[in-house]
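Rule-based calculations on the coordinates, nothing more; no lab input. Quick caveat, the model's predicted, so the values are computed rather than measured. When we count neighbours, we look across all protein chains shown, and the Cβ atoms used for this are built from the backbone with ideal geometry, even at glycine.
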Amino acid sequence: MKRWQTFSIFEKVAVVLLAVGAMLGGILWMAMNAKASANRSQRATPAVVAPQRAAPIAPVAAAAPTRPSAPATSLKPALPAVLPATLPRACAEALRPTAIKDTAANTSVDAKTTVRMLAAMDLAIPVAGIEKAALYDSFSDVRGKRMHEAIDIHAPRGTPVIAAGAGCVVKLFRSVPGGITLYQYDLEGNFAYYYAHLDRYVDNMAEGTQLKRGDVIGYVGTTGNASPSAPHLHFAIYRLGPEKRWWVGTAVNPYAVFTYQ
Ligand SMILES: [Zn+2]
């Protein structure tokens, strides 16, 4: 082994450069790794239907122990162990098949266009007897750690909740925050309407029920985390992704839709 003192100046410089190069390479490699894993975790956080409400309680019957990995990040509390079929058969038949296919294109539509599309669908305010003037915009309110992404429509307990538009009931669901809830798709399969805190469903309500605009689906209540003294309907609209999963979507402001000029 050669002693350091015996190295020529060129050899010393070369050794120092090699050491510095190795260090820089190491730092760069670590930085790139950190960035890649940050990207991965961003991608792993899908937009979720009803971030506050959708945390589904595993149905009692769904006993399988495996937990699906994909949307787990955002549905932490209790994604059903066995994922439900995307659509009840009756809905799959009711929805227009051509529309089902083209939503991959729709997902790139901007928020303004989405609101205009929904406004053109002339949705009913989903609580019987409530006028547009009584609505207020709480879509962007922060509730806990999340945005509300819905509107609350206050009405006495037992007031009929009606279908905002035609479509099909895809999921009857009970969650801790949302209480008794109902997910409906529009006829094109582009949007999900979400109704929460229901006192109860209308008699004979079932997944796969086909709805006309204005059909009674249930009654205003305070189930879930609503204050018992302030019955209201929590109503949200989600644009569905191409996979048509009732628990995954991009929230659209219902207030903007109902008040669109
Ligand atoms: Zn709400």
Packing-wise, with mean Cβ within 10 Å as the measure, how do 250-258, 222-230, 136-144, 165-173 rank, highest first?
165-173, 250-258, 222-230, 136-144
Give me the distance in nm between label points sitting 7 Å out from Cα along the Cα-to-Cβ direction at Lys12 and Arg213, one decimal.
8.6 nm
Radius of gyration and Dmax for region 195-261's Cα atoms, expressed in Å?
13.9, 39
Quick query: amide H of Ile217 versus all other amide H atoms, modeled in the peptide plane; which residues come in under 5 Å with a sequence gap of 5 or more or a different chain?
Val161, Ile162, Ala163
At Arg143 and Ala90, where each label point lies 7 Å from the Cα along Cα→Cβ, what is the point-to-point distance in nanometres?
2.8 nm
With 10 Å bins from zero, work out the P(r) of region 143-220 over every alpha carbon pair and list the percent per bin.
19, 53, 25, 3
For Arg143, what residues show an amide H to amide H distance below 5 Å, using hydrogens built from the backbone and excluding near sequence neighbours?
His148
With θ taken as phi - 60° and the coefficients 6.51, -1.76 and 1.60, list the Karplus ³J(HN,Hα) couplings across region 118-131 in order, rounded to whole Hz; mark glycine and proline as x.
5, 4, 5, 7, 6, 5, 7, 5, x, 10, 4, x, 8, 8
